[in-house]
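Notes follow once the structure below has been shown.
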Amino acid sequence: MSATLDAWPFVIAAYAVAVIATLGLLGFSLAALRRAEARADALDRQGKGGRA
């Protein structure tokens, strides 16, 4: 008796994990970017920006 293992569910699961992780990283990066820009704008409003 030889049972074969269908690999497609594992392939689909791997792609799903990769897509979810990529979207999570994208969201985290976007949030960090917005926080950094808000901090830079606050410094500019205080006159301590140093940006040209």
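The values are calculated or read from the model by the stated rules, or taken from the named source; none is laboratory data. The structure displayed is predicted, hence computed values, not measured ones. Don't worry about glycine lacking a Cβ; one is built from the backbone with ideal geometry, like all the others, and counts go over all protein chains shown. All accessible areas refer to the heavy atoms of the entire protein, side chains included, with ligands and DNA or RNA removed. Shrake-Rupley method; radii C 1.70, N 1.55, O 1.52, S 1.80 Å.
Mean residue ellipticity at 222 nm, helices only, the chain: -27500 deg cm²/dmol; runs of at least 4 DSSP H residues each add -39,500 (n - 2.57), and the sum is divided by the number of residues. Remark: the chain carries a charge dipole of roughly 460 debye about the Cα centre, counting +1 on each Lys and Arg Cβ and -1 on each Asp and Glu Cβ. Across the accessible surface of the chain, with the other protein chains kept in place and a 1.4 Å probe, carbon and sulfur atoms take up 68 percent. Model label points for Tyr15 and Arg35, set 7 angstrom from Cα along the Cα-to-Cβ axis, are 3.4 nm apart.
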